[in-house]
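The values are calculated or read from the model by the stated rules, or taken from the named source; none is laboratory data. The structure displayed is predicted, hence computed values, not measured ones. Note that each Cβ is placed from the backbone with ideal geometry, even for glycine, and that neighbours are counted across all protein chains shown. Remember, those area values only see protein heavy atoms, side chains included, never the ligands or the DNA or RNA. Shrake-Rupley method; radii C 1.70, N 1.55, O 1.52, S 1.80 Å.
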Amino acid sequence: MTAHTPLPKQRELPSISSERLPWAGLLALAMAGFICILTESLPAGLLPQIAKDLGITEALTGQLVTLYAIGSLVAAIPLTAATRGWRRRPLLLVCISGFLVFNTVTALSSDYILTLAARFMAGVSAGVLWGMTAGYARRMVPDSLKGKAMAVAMVGTPVALALGVPIGSFLSSYVGWRLIFGMVSLLTVTLIVWVLWRMPDFAGEPTGERLPLHKVFLIPGVRPILFVVLAWMLAHNILYTYISPYLAQTVFANRVDLILLIFGFTSIVGIWLTGMLIDRFLRKLVIISLASFALASVVMGIATHQPVIIILGVMIWGLTFGGAATLLQTAIAQAGGKSTDVAQSMLVTAWNLAIGGGGIIGGILLEVFGAGYLSGALFILLIPALLVAMRAYKYGFTRAN
């Protein structure tokens with residue numbers, strides 16, 4: 001080899017000048033998100049079967065969801081910061097392999113403590129995965145397609161909620177809950193092969209460009225977006241967690257399945273609409289979503305005996321929630337700049353705090369005041385979020401470029 005012989009280059013994405021979406025890579029991220037949400041949510045739909053098989057109460061079985069959320073919560077920021085120098089594809093494979101290992105352990109384990117540990121570690125994998133997904137998707141495309149790329153990468157979440165969890169719960173009656181987790185592991189193996197075959201790789205963040213965590217938090221725009229995430233998702237999780245007590249006072253007392261199906265499918269429509277519009281109207285979509293959800297919460301609280309209005313309210317709720325992850329992750333990716341992954345990990349932490357907080361706050365409201373006051377709590381949370389989004393136009397809530 002002479003001095004003029006070009007050195008071989010490590011494989012990167014060939015070019016992002018094209019105006020076409022790299023569907024193979026983006027759909028791989030979407031499937032990773034699908035597996036992540038499926039892993040998180042399946043125990044809630046399989047509660048009786050798991051409890052009976054492990055010989056524990058349903059309340060103890062519910063902690064399988066709690067441990068997963070705790071794993072994501074405690075791991076997102078420190079592990080994302082620790083791995084931001086890693087190349088992206090190997091890190092993605094580590095996270096996906098975590099789901100393979102810990103879902104397989106869950107499927108085979110007969111020991112409650114071991115199952116809890118597996119759920120915690122699966123949550124750790126999820127925390128790192130969500131911290132890197134937005135930055136990975138945005139690096140695959142030119143500026144004009146970053147919002148659409150995010151929408152595709154995030155589509156796995158509403159699909160898992162709308163189809164994956166209900167189908168898993170239905171099939172468990174015939175094949176058992178352990179085989180359901182085994183099927184998720186088989187799907188994960190398919191994803192690993194897909195990532196190795198078609199996923200582009202990117203370098204990690206250079207050492208000299210890594211901001212300390214507190215400086216990332218102080219980047220203009222990051223804190224307002226985190227506030228909106230916390231308030232918006234608190235409102236969502238209060239309603240989603242306690243949808244059954246809310247519906248018990250309406251004409252849909254025995255049709256929780258129908259309402260959740262409507263919510264799930266409108267969520268998919270919501271993410272499709274978001275993908276079409278986000279690159280031009282990011283801030284407007286955030287404001288419209290928050291205002292619409294606030295209005296829906298009011299009418300759902302007042303018109304408890306009007307089935308058409310309740311369904312309309314649920315549809316609006318689903319439409320606004322479907323695009324929420326894409327909107328908020330795009331906003332914080334813009335604000336975070338070169339520190340996108342760490343900023344995303346802060347969003348993941350706020351999101352998981354909202355999941356836990358929604359269960360706690362909603363439970364207190366339910367016990368002290370009753371289900372009729374849940375919609376009022378939603379409105380109280382959403383109005384400050386709306387005001388912050390309207391004022392924070394200078395940084396994160398702008399066009400997705």
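All told, Ala24 falls short of being within 28 Å of Met132 (Cβ to Cβ), surrounded by fewer than 22 Cβ atoms within 10 Å (Cβ to Cβ) and at pLDDT below 85. In a residue-by-residue description of segment 305-319, the property of being in contact with a helix residue (DSSP H, G or I) (Cβ under 8 Å, 6 or more places away or on another chain), open to solvent by 20 Å² or more (accessible area, probe 1.4 Å) and not aliphatic (A, V, I, L, M) applies to no position.
Quick grid of which residues meet (1) within 25 Å of Ala44 (Cα to Cα); (2) out of contact with any Phe, Trp or Tyr (no Cβ under 6 Å at 6 or more places or on another chain):
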{"position": "Leu100", "(1), (2)": "yes, yes"}
{"position": "Ala107", "(1), (2)": "yes, no"}
{"position": "Thr115", "(1), (2)": "yes, yes"}
{"position": "Phe120", "(1), (2)": "yes, yes"}
{"position": "Val124", "(1), (2)": "yes, yes"}
{"position": "Leu129", "(1), (2)": "yes, yes"}
{"position": "Gly135", "(1), (2)": "no, yes"}
{"position": "Gly147", "(1), (2)": "no, yes"}
{"position": "Met150", "(1), (2)": "no, yes"}
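Reported count of residues in segment 347-370, each being of a type in the set (A, V, I, L, M, F, W, C) and open to solvent by less than 20 Å² (accessible area, probe 1.4 Å), is 4.
Per-residue answers, yes or no, for (1) within 20 Å of the chain's Cα centre (by Cα); (2) closer than 19 Å to Leu129 by Cα:
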position	(1), (2)
Ser292	no, no
Ile316	yes, no
Gly322	yes, no
Lys338	no, yes
Ala354	yes, yes
Leu365	no, no
Val368	no, no
Ile383	no, no
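Here Thr250 clears all of (1) farther than 28 Å from Leu328 by Cα; (2) assigned to a helix (DSSP H, G or I) except the condition numbered (2). Taking the condition hydrophobic (A, V, I, L, M, F, W, C), open to solvent by less than 10 Å² (accessible area, probe 1.4 Å), touching a Leu at 6+ places or on another chain (Cβ under 7 Å) and farther than 27 Å from Pro212 by Cβ, does Val286 pass? Spelling it out, Val286 is indeed hydrophobic (A, V, I, L, M, F, W, C), open to solvent by less than 10 Å² (accessible area, probe 1.4 Å), touching a Leu at 6+ places or on another chain (Cβ under 7 Å) and farther than 27 Å from Pro212 by Cβ.
Set side by side, the residues Val193, Val175, Val159, Val222 differ, and just one is closer than 21 Å to Gly131 by Cα, among the β-branched types (Val, Ile, Thr) and either free of Cβ contacts under 8 Å to residues at least 12 places away in the same chain or open to solvent by less than 20 Å² (accessible area, probe 1.4 Å) (or both), which is Val222. Taking the listed residues Pro200, Pro212, the one that is of a type outside the set (A, V, I, L, M), over 20 Å from the mean Cα position of the chain (by Cα) and under 30 Å from Arg391 (Cα atoms) is Pro212, with no other qualifying.
The residue pairs whose first member lies in segment 340-357 and is closer than 12 Å to Ala81 by Cβ, whose second member is open to solvent by 20 Å² or more (accessible area, probe 1.4 Å) and among the basic types (Lys, Arg), and whose beta carbons are closer than 7 Å, counting only pairs six or more residues apart or on different chains, are Asp341/Arg84; Val342/Arg84.
If a residue counts only when it is at pLDDT 95 or above and under 16 Å from the mean Cα position of the chain (by Cα), which helices (runs of 4 or more DSSP H) contained entirely in segment 46-128 have at least 2 such residues?
By residue number, 88-108.
Within segment 109-147, being crowded, with 24+ Cβ neighbours inside 10 Å and hydroxyl-bearing (Ser, Thr, Tyr) holds for Thr115, Ser125, Thr133, Tyr136.
If you go through segment 309-329 and keep only what is touching a residue at least 60 places away in the same chain (Cβ under 8 Å) and either touching an Asp or Glu at 6+ places or on another chain (Cβ under 9 Å) or over 20 Å from Ala231 (Cα atoms) (or both), you end up with just Ile310.
Return yes when Ala160 is within 19 Å of Ala343 (Cα to Cα), modelled with pLDDT under 95, part of a helix (DSSP H, G or I) and small (Gly, Ala, Ser) and no when it is not. The answer is no for Ala160.
Number of residues in segment 234-261 that are of a type in the set (S, T, N, Q) and either in contact with a Lys or Arg (Cβ under 7 Å, 6 or more places away or on another chain) or crowded, with 19+ Cβ neighbours inside 10 Å (or both): the value is 2.
The single residue among Ile238, Ile180, Ile225 that is modelled with pLDDT under 90, among the hydrophobic types (A, V, I, L, M, F, W, C) and out of contact with any Cys (no Cβ under 7 Å at 6 or more places or on another chain) turns out to be Ile238.
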